[in-house]
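Below is one structure, written out as structure tokens; the observations come after it.
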Protein chains: 2
Amino acid sequence: MLTGASRSVKYGMAGARAPVRLRAMTSASDATQTAQSSPVLDTARRAREAAAVLAPLPRTARDGALLAVADALVARTEEIVAANAEDIAKARAAGTSDSIVDRLTLTPERIAAIAADVRHVVALPDPVGEVVRGSTLPNGLDLRQVRVPLGVVGIIYEARPNVTVDAAALCLKSGNAVLLRGSSSAYASNTALVAVLRDAVAGAGLPADAVQLVPGQSRESVKELMRARGLVDVLIPRGGASLIRTVVEESTVPVIETGTGNCHVYVDKDADIETALKILINSKAQRPSVCNAAETVLVHAGIADTFLPRALAALTEAGVMVHGDETWQKAGPGMVAPATDEDWATEYLSYDIAAAVVPDLDAAVAHIRRWSSGHTEAIVTTSQAAARRFTQLVDSTTVAVNASTRFTDGSQFGFGAEIGISTQKLHARGPMGLPELTSTKYIVTGDGHVRG
Amino acid sequence: MLTGASRSVKYGMAGARAPVRLRAMTSASDATQTAQSSPVLDTARRAREAAAVLAPLPRTARDGALLAVADALVARTEEIVAANAEDIAKARAAGTSDSIVDRLTLTPERIAAIAADVRHVVALPDPVGEVVRGSTLPNGLDLRQVRVPLGVVGIIYEARPNVTVDAAALCLKSGNAVLLRGSSSAYASNTALVAVLRDAVAGAGLPADAVQLVPGQSRESVKELMRARGLVDVLIPRGGASLIRTVVEESTVPVIETGTGNCHVYVDKDADIETALKILINSKAQRPSVCNAAETVLVHAGIADTFLPRALAALTEAGVMVHGDETWQKAGPGMVAPATDEDWATEYLSYDIAAAVVPDLDAAVAHIRRWSSGHTEAIVTTSQAAARRFTQLVDSTTVAVNASTRFTDGSQFGFGAEIGISTQKLHARGPMGLPELTSTKYIVTGDGHVRG
């Protein structure tokens, strides 16, 4: 057994390994080493080339391209709006709901706002080159761990053309090439926007292929993207749960899972009633359609008699339908729908809330562990011990103490921008800003150092 | 388009989404939400329960268990050695090579060394609870991002029983439950070791299920582990390339890829010849069987006439066979085997090296981009400009300037321990120490804060 100076060898993959031919190691689905060709893979290859050019560029070059993008969006508003009109006409013809059409719609005002957001991204600190760790080792070697771009970032997203620009801006800012795979219902808009982006990027002297739309509108093009391991460094699926599930299940490219939020508000025995009401209503009803809205309220039995009537009144006034357990049903006869396991499991995204009374804090934690999607859970309490125990035991991206669940958000957290909210534990957890779009590399500098 | 205070909504997954039933969202292969049962899944479920108990424990509790483990390993050496003898007998009967049998062998001395390593892990700083980011937001909310255990870590590894203890120790130290899936040829040893570990952990008052051997010796048990998404938080495959490929391809559990090292030494035009020779020989021949050993040397054409004869002499003296391009072949007639693309792609792990002359630094970088596994590349140069350009352009976990590739190692980097070397860009890149076995969560503390 190796100890001391050689313990590293023990951990670090030593012993009599067989030679590895890296070609042989890759499979037919590993796109790096094969000559496999397709419109999607060729796009990814061009992105990889562009990423190699982007990585060493200084901030000024990337910022310059982003400013050019902002200007071009405004200058070419007319053609963007015209393309967008095609998508809107199709959506209307397909009987798409007004709210979806509204998300799809670009107006000159909205395009100006998108351009302003790009300028806002320019002003954010540069994550690339940040030294994360650094020390001089005992043997005199200088060790630095620095942030570097991930390389090629693939984003699969919903029918919101603004995301096309936002995602491209965040990726460019962090030195990444981006592959955009938007909803087919925004295809004309995205095509127009990406043309503008590419022209502006190229005009600023950067490779146009730093920004590309994934060709094809079928699910097949998504599948190809998911198999482009070695060409694409990470895939970030946003939007629908079934899409996210598919990507997680089938992608060989590393994935960052985003977005599902079955968030809870727990009202402790020692809660201040007014604070609890305020946080409950804000968490549920301030904007019910978003992932950080609350979907379940759990109330300590010791405060239920006082809290439930007040909460029912407030929720009803806010237009929220309560799906409650027996205690809630008794507290509001005729006002409360009976809750089933399906309610505990549901992210309503609407003016509905599941509601239960729990015997104590640990029971609330157990309920959350079983049913939460691990996004955000809030506790309302005046007890320091309860706050401490809840934050220790709850295993979610964010635990809020005496604050609304609605704060889980890159902008609210002061990150300046956000590409999504990761609900997985690897790489990034919670709101993802610019640093989460980077990896790191170690730089070791010596003057002829060798291992003894 | 939303700006200012509401830009978060724009990025953060807003709009009229349909309600999501989380049960419906999960598929048959998502083990969390299904009642699916099997020995492997049941083991993973117990690990998940244990992880919930471990997460909030203070350092003293985890350290206490580790000290108990170290003592128990020494106290129960006899039964461990006896179990190990079974594995050795089987290996010998199967005609296993001496070096593999040596890796498999446990002696009282080696067990004492393993126990000493566990005590060394106890002494390392606790990664759990470290505040990674923290600030008071403009609205007075306190924001903290703290390190938390990942939860359940699955390790799939080669026939080295010491890894059983090392991995368990690192996982326990970082508050994780561990699922150990060692080689079937070490099954008796691992079974004995895990029995000792579990008894010691339980004796220290922690859940025994914090350390479990994955039941079954077939490939099926690995496959089940790979589909235990929702129960297992990360899988770390170590060892053989084909195993790692299988896990990367088929796992729905997030994976950290480790280990393949097709490392390069680039000798620049402005290299000091003696330094270059020293680094080349150390990188290649100090321990050729490990992932951070060099497999290819690239030499700038401007220094080839001087360097190649010296390098050939030194490599030959070190017992290294050179597989070279035409220039190398001409420099050492009869000494150099002709290199093909297969040589550039091969991780020899032996006393062989591929060798080429390149016209300039950028050509060296291009060769590395094409053939490297992204582990470690070294440059030898006296030119600050060359060093700077090489470190900027090379996209590997580690870039060494005037230092051997052999330094890429958790212990050499001063991390105190290492669970593997990640060659992927997500979550961890390069040697992984204790912080890499953690995730983070945000804790937001207010006094009734709601969003306006």
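The values are calculated or read from the model by the stated rules, or taken from the named source; none is laboratory data. Source: prediction; values computed, not measured. Please note: Cβ atoms are built from the backbone with ideal geometry, for glycine as well, and neighbour counts cover all protein chains shown. Please note that ligands, DNA and RNA were not included when accessible areas were found on the heavy atoms of the full protein model with its side chains. Shrake-Rupley method; radii C 1.70, N 1.55, O 1.52, S 1.80 Å.
Remarks
- Any hit, segment B:77-86, residues being hydrophobic (A, V, I, L, M, F, W, C), free of Cβ contacts under 8 Å to residues at least 40 places away in the same chain and within 19 Å of B:Leu172 (Cβ to Cβ): no
- Annotation: of all residues in segment B:429-445 being within 7 Å of another protein chain (Cβ to nearest Cβ) and within 17 Å of B:Val146 (Cβ to Cβ), the one that is surrounded by the fewest Cβ atoms within 10 Å (Cβ to Cβ) is B:Thr445.
- From A:Arg389, A:Arg451, residue being modelled with pLDDT of 95 or more and at the interface with another protein chain (Cβ under 7 Å from one of its Cβ atoms): A:Arg451
- Single unsatisfied condition, B:Arg227 versus (1) over 17 Å from B:Thr381 (Cα atoms); (2) touching a Pro at 6+ places or on another chain (Cβ under 8 Å): (2)
- Restricting B:Val253, B:Val290, B:Val267 to residues that are surrounded by 24 or more Cβ atoms within 10 Å (Cβ to Cβ) and touching a helix residue (DSSP H, G or I) at 6+ places or on another chain (Cβ under 9 Å) narrows the list to B:Val267.
- Boolean, B:Arg287 is touching a residue at least 24 places away in the same chain (Cβ under 8 Å) and either assigned by TED's automatic domain parsing to the domain that holds B:Asn190 or in a loop (DSSP other than H, G, I, E, B) (or both): yes
- Taken over segment B:407-428, the criterion of being more than 7 Å from chain A (Cβ to nearest Cβ) and within 15 Å of A:Val132 (Cα to Cα) is satisfied by B:Phe415, B:Ala428.
- For the residues B:Ala378, B:Ala386, the requirement of being of a type in the set (A, V, I, L, M) and closer than 23 Å to A:Asn139 by Cα singles out B:Ala378.
- Among the residues of segment B:362-373, those identified as more than 10 Å from chain A (Cβ to nearest Cβ) and crowded, with 16+ Cβ neighbours inside 10 Å are B:Ala363, B:Ala364, B:His367, B:Ile368.
- Put simply, of B:Ile236, B:Ile273 the only residue that is within 30 Å of B:Ala285 (Cα to Cα), among the β-branched types (Val, Ile, Thr) and open to solvent by less than 20 Å² (accessible area, probe 1.4 Å) is B:Ile236.
- Screening the candidates B:Lys269, B:Lys223 for the property of being modelled with pLDDT of 90 or more and either among the β-branched types (Val, Ile, Thr) or in the same structural domain as B:Pro359 (by TED's automatic domain parsing) (or both) yields one hit, B:Lys269.
- Identity of the residue in segment B:213-233, assigned to a helix (DSSP H, G or I), of a type outside the set (Ser, Thr, Tyr) and open to solvent by less than 40 Å² (accessible area, probe 1.4 Å), that ends up farthest from B:Leu193 (Cα to Cα): B:Met226
- Within segment B:151-164, tally of residues that are touching a residue at least 60 places away in the same chain (Cβ under 8 Å) and buried (at least 24 other Cβ atoms within 10 Å of the Cβ): 8
- Meets criteria (without any contact (Cβ under 8 Å) to a residue 60 or more places away in the chain, of a type outside the set (D, E, K, R) and in a loop (DSSP other than H, G, I, E, B)) for A:Gly416: no
- Within segment B:394-406, the set of residues being hydroxyl-bearing (Ser, Thr, Tyr) and either more than 7 Å from chain A (Cβ to nearest Cβ) or open to solvent by 10 Å² or more (accessible area, probe 1.4 Å) (or both) comprises B:Thr405 only.
- Filter pass, B:Pro359 being surrounded by fewer than 20 Cβ atoms within 10 Å (Cβ to Cβ) and within 14 Å of the chain's Cα centre (by Cα): no
- Lone unmet requirement of (1) over 27 Å from A:Ala177 (Cβ atoms); (2) facing chain B (nearest Cβ under 8 Å); (3) buried (at least 21 other Cβ atoms within 10 Å of the Cβ) for A:Thr376: (2)
- The set of residues from segment A:51-71 being closer than 19 Å to A:Asn190 by Cα and open to solvent by 20 Å² or more (accessible area, probe 1.4 Å) comprises A:Ala68, A:Asp71.
- Pair list, Cβ under 8 Å, 6 or more apart: segment B:382-393 residue closer than 12 Å to B:Lys269 by Cβ, other residue part of a helix (DSSP H, G or I) and open to solvent by 100 Å² or more (accessible area, probe 1.4 Å): none
- Subset of segment A:61-120 that is in a loop (DSSP other than H, G, I, E, B) and not polar (S, T, N, Q) - its residue that is nearest to the other protein chains (Cβ to nearest Cβ): A:Leu106
- Checked against the criterion of being out of contact with any Cys (no Cβ under 7 Å at 6 or more places or on another chain) and surrounded by 21 or more Cβ atoms within 10 Å (Cβ to Cβ), the candidates B:Leu137, B:Leu141, B:Leu124 yield just one match: B:Leu141.
- Within segment B:419-452, being of a type in the set (Val, Ile, Thr) and either part of a loop (DSSP other than H, G, I, E, B) or within 14 Å of B:Cys263 (Cα to Cα) (or both) holds for B:Ile419, B:Ile421, B:Thr423, B:Val450.
- Out of A:Ala276, A:Ala202, sole residue that is hydrophobic (A, V, I, L, M, F, W, C) and touching a residue at least 12 places away in the same chain (Cβ under 8 Å): A:Ala276
- Any hit, segment A:92-113, residues being touching a strand residue (DSSP E or B) at 6+ places or on another chain (Cβ under 6 Å), more than 27 Å from A:Ser221 (Cα to Cα) and either surrounded by 15 or more Cβ atoms within 10 Å (Cβ to Cβ) or among the hydrophobic types (A, V, I, L, M, F, W, C) (or both): no
- Of all residues in segment B:240-250, those that are charged (D, E, K, R) and out of contact with any helix residue (DSSP H, G or I) (no Cβ under 9 Å at 6 or more places or on another chain) total 1.
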